[in-house]
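The values are calculated or read from the model by the stated rules, or taken from the named source; none is laboratory data. Just so you know, these numbers come straight off a predicted model, no measurement behind them. Counting neighbours? That spans all protein chains shown, and the Cβs are built from the backbone with ideal geometry, glycine included.
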Amino acid sequence: MKNYSLRTSLYFILPALVIILAINIFPIIYAVWISFQNWSLAYVRPPQYTGFYNYEDALFFDDRFINAVFVSLKFVFLAVLIEFILGFSLAFLFNQKLKALNFLRVVSLTPIMVMPVVSGLIWFYMFNENFGVLTYLVTLLGFDKPGWLTDPDIALFSIVLADVWQWTPFVMLIFFAALQSLPEYVYEAAKMDGLNKIQIFFRITLPLLKPAIWIVLILRIIDSFKMLELILMMTKGGPGGYTEVLPWYLYTTGFITLDIGYGASMAVMMLILVTILSQFFVKKIEGKN
Amino acid sequence: MSLVSIKKNIFKDYLLVLLALVFVGFCLFPIYIMITTSFKSEKDIFAWEHVWFFKPTIQSVYNAFFIFGGKSVASFILNSLITTFTSTLLAVLFGAMAAYGFSRYKFKGSKHIAFYILSTRFAPPVAFIIPIYLMVNFFNLLDTHFTLIIIYTSMNLSLSIWILRGYFNEIPIEIEEAAYIDGYTRVEIFWKVCIPLIKPGLITTAILCSIFSWNEFLFAVILTQRDASTIPVYLASFQDSMGLAWGEFMAVGAMAVMPILIFTIILQKHLVRGLTFGAIR
């Protein structure tokens, strides 16, 4: 069909392109510009060009920024590690041919759909030190009341627990779908060749699951890196900055202390990091299609 | 098969189901707590020893919807519905059009543009929010439905284009050529031939867009004050004074979660391809 011209396809693409340019592309450029300014909404003075000052400030002089980066890394590492291990094993469990499991698998997807603000709300209630059910259950086991969200040693783990609750089913779902799509004949051939179960797992299943493993890792790393709602609802970065992840620090800089120039410089650094990660992801699925 | 090995298998099955039940229990426990708390009396909610068995009362639910929030709860729900519905519709419509364009006309670098568009989906909203706030403020559009709708549409477009492009790529070009010979115009081919063929893709995309828009919090809390605020904003706005009204919050929370929950459990088989951006079918 000869009239698949550039012009006709442009008509189809145009509305989407205009919206994406205005709401996605332009703000990024604007953010870069803001990040070079000394600009605070707390004062009525015009923005002032300061070059890379905001970046230098963040990277070399701001302990809070460095702390936020490390807290974020710790959170992402812990949450993704636990979600991965649990989700991966559970996918194998649910992959067994049993009717009852089918129903249980569908029901277990529930947390994925829960609004993050509501998850924060529920976990905050369950973590309450005076009437929270988790505190009560832990004391029943003979432990002292844990300061779920107030003890510096525990607070981040509590947030991780809530995140694990919400996203383990997602990891399980992806691995389950991947397992279901593995071709039966490969396994039959492997059995004929006399491979035992462990050999089948390491030589056949694991290599075939590689794309799914990449997808899970990158999607979960990027998503948990952006997580803001649980912090907002439960700790607001406390106690003493122990749960202050990067998105939360950025949020408070931009909208509580109103230092938008500085906030924008952190936003740009965050975008660069996520772009590198997502390009990696895109390469992995590009290879697949 | 010997009797021993049958017994062994049954034992293994029970063990598997038991493990699965533990996991499901973990997944449902917080939701169970949310729902029961919204039906508990104040005394039971604040009891140190957790009250497992209680006489249900609708006092909290009643308070949440008729006394406490009064008119505002209903208006927040309405705002959520308007914003979610409209932005999903637009994202699927414009997304399908753009996906068709990208799929059917392979100009140099069209694939890269599509990849670039997808990668905007990964950008943390918190990194966009400062410039977007300034832009919206500049155009005097704070606290309007239009603002949230256009932003959610844009955020969802990347996903929508990416997923639907995969579906369009699967339509054999011969079908379109046949329609063309039958005298269909380009626009007719798109609407009458291609769109019906990618219906599962449209459902998947619509579910994911609705989940995003319904649950989105950051843009909503920064860009709206009251008139256009959605449910998550309402829930977060009371966070500071939350010590008081747990039953009421849980009731609103449950109500905020239920529509998406029911919707997606019913349509869950469409989820995987969308959640993995088409990487796993």
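Scanning the stretch A:119-130 for residues that are of a type outside the set (Val, Ile, Thr) and in contact with a helix residue (DSSP H, G or I) (Cβ under 7 Å, 6 or more places away or on another chain) gives A:119, A:120, A:121, A:123, A:124, A:125, A:126, A:127, A:128, A:129. Any idea which residue in the stretch B:16-44 is farthest from the chain's Cα centre (by Cα), counting only those that are within 7 Å of another protein chain (Cβ to nearest Cβ), aliphatic (A, V, I, L, M) and under 18 Å from residue B:245 (Cα atoms)? If we take residues in the stretch B:16-44 being within 7 Å of another protein chain (Cβ to nearest Cβ), aliphatic (A, V, I, L, M) and under 18 Å from residue B:245 (Cα atoms), then B:33 is farthest from the chain's Cα centre (by Cα).
The set of residues in the stretch A:256-272 being in contact with a helix residue (DSSP H, G or I) (Cβ under 7 Å, 6 or more places away or on another chain) and not in a helix (DSSP H, G or I) consists of A:259 alone.
If the condition is being of a type in the set (A, V, I, L, M, F, W, C) and more than 12 Å from residue A:90 (Cβ to Cβ), then the stretch A:165-199 contributes A:165, A:167, A:177, A:178, A:182, A:186, A:189, A:190, A:192, A:195, A:198. In the set B:139, B:212, B:146, only one residue is under 17 Å from the mean Cα position of the chain (by Cα) and either over 16 Å from residue B:100 (Cα atoms) or surrounded by fewer than 20 Cβ atoms within 10 Å (Cβ to Cβ) (or both); that residue is B:212.
Of the residues making up the stretch B:24-44, those that are in contact with a Phe, Trp or Tyr (Cβ under 9 Å, 6 or more places away or on another chain), of a type in the set (A, V, I, L, M, F, W, C) and under 20 Å from residue A:112 (Cβ atoms) number 5. Checked against the criteria, residue B:51 counts as within 10 Å of chain A (Cβ to nearest Cβ), among the aliphatic types (A, V, I, L, M) and not in a helix (DSSP H, G or I). Listed conditions (1) within 19 Å of residue A:175 (Cβ to Cβ); (2) facing chain B (nearest Cβ under 7 Å) are all met by residue A:91, apart from (2). Checked against the criterion of being part of a helix (DSSP H, G or I), within 12 Å of chain B (Cβ to nearest Cβ), of a type in the set (Ser, Thr, Tyr) and touching a residue at least 12 places away in the same chain (Cβ under 8 Å), the candidates A:253, A:275 yield just one match: A:253. For residue B:112, the conditions (1) more than 7 Å from chain A (Cβ to nearest Cβ); (2) over 29 Å from residue A:219 (Cβ atoms); (3) not small (Gly, Ala, Ser) all hold with the exception of (2).
In this entry, residue A:120 is excluded by the filter for residues that are assigned by TED's automatic domain parsing to the domain that holds residue A:85 and surrounded by fewer than 24 Cβ atoms within 10 Å (Cβ to Cβ).
Against the conditions (1) assigned to a helix (DSSP H, G or I); (2) touching a residue at least 40 places away in the same chain (Cβ under 8 Å); (3) of a type in the set (Gly, Ala, Ser), residue B:228 satisfies every one except (1). Only one of the listed residues (A:106, A:71) is at the interface with chain B (Cβ under 9 Å from one of its Cβ atoms) and under 30 Å from residue B:249 (Cα atoms). That residue is A:106.
Could you tell me whether any residue of the stretch A:115-127 is modelled with pLDDT under 90, assigned to a loop (DSSP other than H, G, I, E, B) and more than 8 Å from chain B (Cβ to nearest Cβ)? Scanning the stretch A:115-127, I find no residue that is modelled with pLDDT under 90, assigned to a loop (DSSP other than H, G, I, E, B) and more than 8 Å from chain B (Cβ to nearest Cβ), so the answer is no.
Within the stretch B:160-170, the residues that satisfy the criterion of being surrounded by fewer than 22 Cβ atoms within 10 Å (Cβ to Cβ) and either farther than 22 Å from residue B:92 by Cα or facing another protein chain (nearest Cβ under 10 Å) (or both) are B:166, B:169. Select from the stretch B:181-199 the residues that are over 16 Å from residue B:105 (Cα atoms) and outside any loop (DSSP other than H, G, I, E, B) and list them in ascending order. The answer is B:181, B:188, B:191, B:192, B:193, B:195, B:196, B:197, B:199.
Take residue B:123 and decide whether it is of a type in the set (Gly, Ala, Ser) and touching a Cys at 6+ places or on another chain (Cβ under 8 Å).
On the way: of a type in the set (Gly, Ala, Ser): yes; touching a Cys at 6+ places or on another chain (Cβ under 8 Å): no.
Criteria not met by residue B:123.
Looking across the stretch B:122-159, the residues that are within 21 Å of residue A:223 (Cα to Cα), more than 8 Å from chain A (Cβ to nearest Cβ) and not hydrophobic (A, V, I, L, M, F, W, C) come down to B:152, B:156.
Of the candidates A:119, A:89, the single residue that is of a type in the set (Ser, Thr, Tyr) and touching a Leu at 6+ places or on another chain (Cβ under 8 Å) is A:119. Residues in the stretch A:167-190 that are surrounded by 12 or more Cβ atoms within 10 Å (Cβ to Cβ), in a helix (DSSP H, G or I) and without any contact (Cβ under 8 Å) to a residue 60 or more places away in the chain: A:177, A:186, A:187, A:189, A:190. Scanning the stretch A:21-78 for residues being over 25 Å from the mean Cα position of the chain (by Cα) and acidic (Asp, Glu) gives a total of 2. Scanning the stretch A:227-246 for residues that are modelled with pLDDT of 90 or more and over 20 Å from residue B:235 (Cα atoms) turns up A:242, A:243, A:244, A:245, A:246.
Of all residues in the stretch B:91-106, those that are touching a residue at least 40 places away in the same chain (Cβ under 8 Å) and more than 15 Å from the chain's Cα centre (by Cα) total 10. Taking the criterion of being in the same structural domain as residue B:219 (by TED's automatic domain parsing), outside any helix (DSSP H, G or I), farther than 23 Å from residue B:193 by Cα and touching a residue at least 12 places away in the same chain (Cβ under 8 Å), would at least one residue in the stretch B:107-118 satisfy it? Scanning the stretch B:107-118, I find no residue that is in the same structural domain as residue B:219 (by TED's automatic domain parsing), outside any helix (DSSP H, G or I), farther than 23 Å from residue B:193 by Cα and touching a residue at least 12 places away in the same chain (Cβ under 8 Å), so the answer is no. Just wondering, is there one or more residues in the stretch A:140-160 that are surrounded by 22 or more Cβ atoms within 10 Å (Cβ to Cβ) and not in a helix (DSSP H, G or I)? Yes - at least one qualifying residue is present in the stretch A:140-160.
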